[in-house]
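Worksheet: the structure to be examined is printed underneath.
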Amino acid sequence: MSANGTPFIQLSGVSKIYRRGAESVPVLDQVDLEVPEGAFEAIMGPSGSGKTTLLNLISGIDRSSAGRVVVGGLDLTKRSEDALADWRSKHVGFIFQFYNLVAVLTAFQNVELPLLLVRLSAQERRKRVDTALELVGLADRRDHFPRQLSGGQEQRVGIARAIVTDPALIVADEPTGDLDRDSADHILALLKRLNQELNKTIVMVTHDPAAAQTAQLIRRIDKGKLITDGAPATGAAAAGTAAAKMAGQRA
Amino acid sequence: MTPSRPLGRLVLRLALRNRGRTLISVLGVGVTLLAFLVLRTLVTSWYTVNTDISKSDQLEMRHKISISFVLWRRMADKVRSIPGVQQVSAMLWFSGYYKDEKTRFGQLAVEEPYFEIFPEYLAPPEQMAAYFEDMSGALVGEELANKYGWKLGDRITLTGTIYQGDWPLNLRAIYRGESKSTDRARLFLHYKHVAPEGEHSHRLMVKADPTAAKKIDALFANTDTPTKTESVLSVERSWASWSSAVISAINIAAALILLILILVLGNAMAMAARESLREYATLRAIGYRSRHILALVLAEGFFVAGLGIVLALAVAPATLRAFAKLMEEQLGGTWQLYLDGGTVTLAVGTALLASLIACSVPAWRSSRLRVVEALREIA
């Protein structure tokens, strides 16, 4: 809950139906969900269950067919495309399964991308990008192109890009789905730090039970319905210098 | 407002993501625009020559029955008696060659009054006086003199085809043109030198009030040499009209070239936009608006088009010189093809417009992509 007791993310009676010609394909069916501010929740479910669609609605890149989606007090269902884009640029960090880095840009330039939408001096942009790269442990790889990085390093660049604008919400779609166990553990530890040290609200979709255990709460979805609220996971990561800097910048 | 320098860097990086394709696209735009420039320069040069060459008081008399029938020089005396007529000169086409049969240029045997009728051939008075005094003298245009490295006093030997044999001439004067459209690649020699008896004339050139043309033709209407007298301007225009089909064909070719430019660039940009789907979807997800993507694709297209335009403009002067030389070798005469400001403006403006048309569809489609579908497609 936020300071005033309202959930940070609140979905009420949300349904999503895709249309393929004359055929209607229901993906989400009357979903109700409340996620408090600063939570780290995992959503699990089989392929086609609707978990990514749920994440898309929460992050404002898709619209529900029915119901309300309110995030940080903002009703996303009533916003225009441009208003949603502006909102995402300030308040949402995205982490993708396949990293989605721009291949022709360096790690620094990739992380800088969201800041190009904000009125900042070049010096301030550089400072923020360096801090984000330091936080994910890639300060020495700032001038490397994605092809020169391992999968785990690429995903860390993706995380740096997600946090560089200091968003309140981070959505992660299978963030470890393309990584080996060691790299995945590294990424999950990083997400945990972001949640615990910087108080980021994180919603993560995953197939991986081990990854889901990193979250404080596991939710299960099947055939478009949220069916189970899982047990909270345990564990916390140590605080770091870079995290402290990030918190300082936000303040 | 977004910072322009990093976005410019992003455009640059995206444009150079596939350097081979970008190079081919730039070459495609450059070559098609170069072809457009050459064709437009041909058309522009043609109209310049055929509309500015003459003044309305310059008349040309020819045989009414056939352009190949000759007039008689003695007719000039009768023409001079008509009110409004100021000067008359006989004129023969010498039609010789210099050293090589392929080396042809305009050679006219004329009388002294010819240069009062056509004052656009400007030479220093002392050179003109030397030319008039020497019956074997020649007056040549500066372009011709430069081309063959002739200097005053040089001996130029022409080989006649109508007037057989070798004709050694002394270069006495070199003229420049009054305007850019004046033909500066002609050689003038004395009528009396070519036709000492002074009997016939291919044309009679007249300086007169344009209304005198009818009086001239009336004077010879019932003789064995009926005439047709027109202003030089209208003769040139009729030639231009005759050749309008060729000009139309060139214009159609130029339009087709623009279409090719649109297709080349449109295809390249469609491929680039397709390849960039992942980037655009990601950018849209992290907060870029539709118009940002639209601007990125358009900027990338204009970057490629801009390089093509620079390439075309850089090689156009040398290409036009080579083209002019080729035409001289193939068709004879001297071709003057210059890239003028109007043609450059038209070509650049048209290329930018074509680029806008070519990029607008991929840019619009990229900006309108549905983020969720695009992300799902590339996953």
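Values quoted throughout were computed directly from the atomic coordinates according to the rules given, and no laboratory measurement underlies them. Values in this document were obtained by computation on a predicted structure and should not be read as measured data. So basically every Cβ, Gly included, is an ideal-geometry build from the backbone, and we count neighbours across all protein chains shown.
The table below gives the values:
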read-out	value
Within a Gaussian network of chain A (alpha carbon springs, distance under 10 Å), most fluctuating of A:Arg88, A:Arg19, A:Arg141	A:Arg19
Leading residue at positive end of dipole, region A:12-59 (Cβ point charges), from A:Tyr18, A:Gly45, A:Leu33	A:Tyr18
Karplus-derived 3J(HN,Hα), 6.51/-1.76/1.60, for each residue of region B:98-104, Hz, glycine and proline x	10, 6, 10, 4, 7, 8, 10
On Cα atoms only, tilt of B:4-15 relative to the major axis of chain B in degrees	80 degrees
Across B:Lys64/B:Lys215; A:Lys90/A:Lys192; B:Lys102/B:Lys228; B:Lys102/B:Lys147; B:Lys147/B:Lys207, pairs whose alpha-carbon gap is larger than 23 Å	B:Lys102/B:Lys228; B:Lys147/B:Lys207
Extent along principal axes [Cα atoms of region A:1-59; Å; largest to smallest]	46, 20, 16
nm² value of the averaged projected area, convex hull over the Cα atoms of region B:274-359	7.7 nm²
From phi via Karplus (6.51, -1.76, 1.60), per-residue ³J(HN,Hα) for region B:116-131 in Hz, x at Gly/Pro	7, 6, 10, x, 6, 8, 9, 9, x, x, 5, 5, 5, 5, 5, 5
Choice from A:Val118, A:Val27, A:Val129 with maximal GNM fluctuation in chain A (Cα, 10 Å cutoff)	A:Val118
Average beta-carbon neighbours from other chains, 10 Å sphere, peptide B:368-375	4
Karplus-derived HN-Hα couplings along region B:159-174 (A = 6.51, B = -1.76, C = 1.60, θ = phi - 60°), whole Hz, x at Gly and Pro	9, x, 10, 7, 9, 4, x, 8, 10, x, 10, 9, 6, 10, 8, 10
Kirkwood Rh in Å, taken over region A:1-99 so that all alpha-carbon pairs contribute	14.4 Å
Folded to 0 to 90 degrees: helix B:244-275 orientation relative to chain B principal axis, Cα	20 degrees
Debye, to nearest 20: dipole size of chain B, +1 on Lys, Arg Cβ, -1 on Asp, Glu Cβ	2320 debye
Helix-only CD estimate at 222 nm, as mean residue ellipticity for chain B, using -39500 (n - 2.57) per DSSP H run (n ≥ 4)	-18500 deg cm²/dmol
Inter-site label distance for B:Lys228 and A:Asp32 at 7 Å from Cα along Cβ, in nm	9.9 nm
Among B:Leu356, B:Thr229, B:Leu320 - extreme Cα towards positive end, dipole of chain B, charges at beta-carbon	B:Leu356
Per-bin percent of Cα-Cα distances, chain A [5 Å]	1, 6, 14, 18, 20, 17, 12, 8, 3, 1, 0, 0
Cα gyration tensor, region B:153-215 - rounded (a/c under 1.5), prolate or oblate	oblate
Fewest-first sequence of B:Arg368, B:Arg176, A:Arg20 by Cβ atoms within 10 Å of each Cβ	A:Arg20, B:Arg368, B:Arg176
Neighbouring partner chain Cβ atoms per residue of A:85-94, average, 10 Å criterion	4
Given charges at beta-carbon only (K, R positive; D, E negative), |dipole| of region B:70-224 in Debye	260 debye
Region B:70-224 - Rg over Rh from alpha carbon coordinates, Kirkwood radius	0.99
Spatial separation of Cα centroids for region B:156-233 and region A:56-106, in angstrom	83 Å
For peptides B:90-97, B:11-18, sequence by mean Cβ density within 10 Å, most packed first	B:90-97, B:11-18
Built amide H within the under 5 Å cut-off of A:Ile170, gap 5+	A:Gly93, A:Thr201, A:Ile202, A:Val203
Degrees, to the nearest 10: B:232-242 long Cα axis against longest axis of chain B	50 degrees
For chain B, convex hull of alpha carbons as volume per residue, Å³	183 Å³
Packing rank of B:28-41, B:61-74, where each peptide gets the mean count of other beta carbons within 10 Å, highest leading	B:28-41, B:61-74
For A:96-102, mean number of other protein chain Cβ atoms within 10 Å	5
Rh by Kirkwood over Cα pairs, then Stokes-Einstein D for the protein assembly as shown at 0.692 mPa s and 37 °C, µm²/s	106 µm²/s
